[in-house]
1. Would you please name the residue that is nearest to E77 (Cα to Cα), looking only at residues in the stretch 18-66 that are open to solvent by less than 40 Å² (accessible area, probe 1.4 Å) and in contact with a strand residue (DSSP E or B) (Cβ under 7 Å, 6 or more places away or on another chain)?
2. Going by the structure shown, is D210 assigned to a helix (DSSP H, G or I), touching a residue at least 40 places away in the same chain (Cβ under 8 Å) and more than 27 Å from P23 (Cα to Cα)?
3. Consider the stretch 104-124. How many of its residues are at pLDDT 75 or above, surrounded by fewer than 18 Cβ atoms within 10 Å (Cβ to Cβ) and either touching a strand residue (DSSP E or B) at 6+ places or on another chain (Cβ under 9 Å) or not in a loop (DSSP other than H, G, I, E, B) (or both)?
4. Quick one: would you say V92 is at pLDDT 90 or above and in contact with a helix residue (DSSP H, G or I) (Cβ under 6 Å, 6 or more places away or on another chain)?
5. So which residues in the stretch 81-103 are among the hydrophobic types (A, V, I, L, M, F, W, C), crowded, with 18+ Cβ neighbours inside 10 Å and within 24 Å of D292 (Cβ to Cβ), if there are any at all?
6. Kindly provide the set of residues from the stretch 1-17 that are in contact with a strand residue (DSSP E or B) (Cβ under 8 Å, 6 or more places away or on another chain) and either farther than 14 Å from F73 by Cβ or open to solvent by 40 Å² or more (accessible area, probe 1.4 Å) (or both), ordered by number.
7. When both residues are 6+ apart or on different chains and their Cβ atoms are under 8 Å apart, which pairs have a first residue that lies in the stretch 564-579 and is of a type in the set (D, E), and a second that is surrounded by 15 or more Cβ atoms within 10 Å (Cβ to Cβ)?
8. Would you pick out the residues in the stretch 479-492 that are crowded, with 19+ Cβ neighbours inside 10 Å and either of a type in the set (V, I, T) or under 26 Å from L393 (Cβ atoms) (or both)?
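The values are calculated or read from the model by the stated rules, or taken from the named source; none is laboratory data. In this text, all values refer to a predicted model and were calculated from it rather than measured experimentally. Here Cβ is always computed from backbone atoms with ideal geometry, including for glycine, and neighbour counts include all displayed protein chains. The accessibility values were calculated without ligands, DNA or RNA, using every heavy atom of the protein model including side chains. Shrake-Rupley method; radii C 1.70, N 1.55, O 1.52, S 1.80 Å.
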Amino acid sequence: MDSYSPAEFVLSFSAHLNMFLNPNHPEDERAVQKGLLLYNQKMVRSLKMKGPIIFGHVQDVIPVQVKLHMDLFTKNECSCPAVGYCRHILAVFFSLYGKHHSVNEWLESWRAPQQSLFSNEASNSELPKEKLIIKIGQKTVVPATVPTNKSQLLAPDPQERVEDRLTDQEMLSLSKQSSTTILDSKGASVSDMQFSKNEPTNNQGQSTGDNLYDFWVHMTDEIFQGEVLQRNSLYPYLMNLYGHAALRQLENPILIRRENMQLYKIVTNVRLLQQLQELFLSSKYSTQEIEDTCAQLVHTILHNVENATEQLPQPIPLSLDSLIVRLQREVRELLFLEGPFPRQTLLIYWALWTKLFTSRQLRDDELTFAEDIAKKSNPDSVWVVAYVIQLFLAGKVEQALDQLNKSGPHNFFYIFQFIDHYASEGNWKGITSILPFLIQHIKDYFSGRSYQENMNYVRYTNLILSDYVSHTNRMDLYEQVLIEMLPYSARSISDLYFDNEDYYKLMDFLQLTGMSMDVIVGEKLRKIQKDAPDSLLPLYHQHVVASIEKKNRSSYKEAVRYLKKLRTIYKKIKKEAVWELYFANLLQDTKRLRAFQEECQRGKLIDVENETV
């Protein structure tokens, strides 16, 4: 991949920000304003270039570091916790841009008013594509007439949905004009499609669901054609960039009624992912290159679908049954592609089959279909997991786990999806039936994951299973799961034993794992000293030996601190004789360690009598 010079990077990144930041979105506007303020106050203290990366230091309330990758914008990052393009990244951009161009001119260009859909000029003049409010790929959706009975439409509030401001007659007029502009490229004119409070039907009596599905899919295809396929260059990082541009165009349609918005998001995002997968598979780049550079885009699509499934209206109108069936077939086609991002694709499959495709007939048909395809597929095919999912949803949990086991450890991730599904339904018996499989296989799954991934799974398990234990009192299963997750779950296990006041087991665990005493400092330690002081004895003895074996002055001081704690506990439990015998033997065994003997004297462990507890 060719590298940019800083001047070329500034122009390219400027175009990137123009595409990704919307002046009508309050969050984007705030980020730009704050970034500009940091730039004007000269809070960007340093800019350094090392290879293809520009490093910036921004002196905010808390100093942060910014890294801008000249070759790959998706890797741009800031050390602050904000998501996306934060004020610090923008401040560094303004500092770079200001070295070559006028920042004020960039701001004016970015904030240039969009040509309103409802302005008279829109219907009478040819406008640049980037100045149009509504674009469908390379086609402009502009009504032939302008609503005149609502003057506020000439300057619409960008945060308000257009169909909420239109009368039924205006909605009907606008919908007819727009559908003609968008859809007549298919050859079969649908200008007679009628929009009203009821869902649309055409004069051939085609179902409402089919009409909506065709409309949304064609809209997605047109946008994909214009924003992605017609580009001259399609490096992987540009696929990611252009794909996000397509998503932004699909984000806020004005012709979609509120009650259909979530279905619209699902259909368009699934269709866009299918188009992207076909593009990925036909490109000359490897799967790894695609997954490295386009992960953000596919994760956004997955997030969109998951969010939409959580907000679906219930029940879904019967008039949309045909749309559901069409979408089901589209999802099948998506799986048949077997492209990059198999996990994200299967998570979309999971979300739709748990939240949308819920009828018994659909699920029975899909189970039969998935079983047939899985038998004919390679063991690592996504259809094997799809079959597992259908078995689980059909209540055939043992068969699902058996098939999951055969598919290999890399697919054990879906066990967490099953547990989460049961938890959301309050099906605690279902979780009990799954946990033995998790206990048996979690080490195999963890062996192929990064440290951070495994820690995330531990945190997730704590969240789900703590609720499970409160309903079932099956602490034994929870404990077994955490033990199998060691070493990642060490702190979770210590917290579990402490919370259940099982202090002796906690001390045995700390000894066994060699964990630091830091996990029980402060209030925790004081509580144990009060409730079960003798439980601390084995751990303190272990730390005394370990500190002495280091044979340096600081470790001897540490050993003396633990010896004082031991003496205090022995006196508290009225076993001073045991302490005196132990300490006398220790002094005899360490008589050649003069420095240790000196520290015992300084610590008043030698020749000190009747110290109160």
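1. Here the residue is V66.
2. Values: assigned to a helix (DSSP H, G or I): yes; touching a residue at least 40 places away in the same chain (Cβ under 8 Å): yes; more than 27 Å from P23 (Cα to Cα): yes.
When the stated conditions are applied, D210 passes them.
3. 6
4. The answer is no for V92.
5. C86, I89, V92, F93
6. P6
7. Every condition considered, the pairs that remain are E576/Y570.
8. Across the stretch 479-492, the qualifying residue is only V481.
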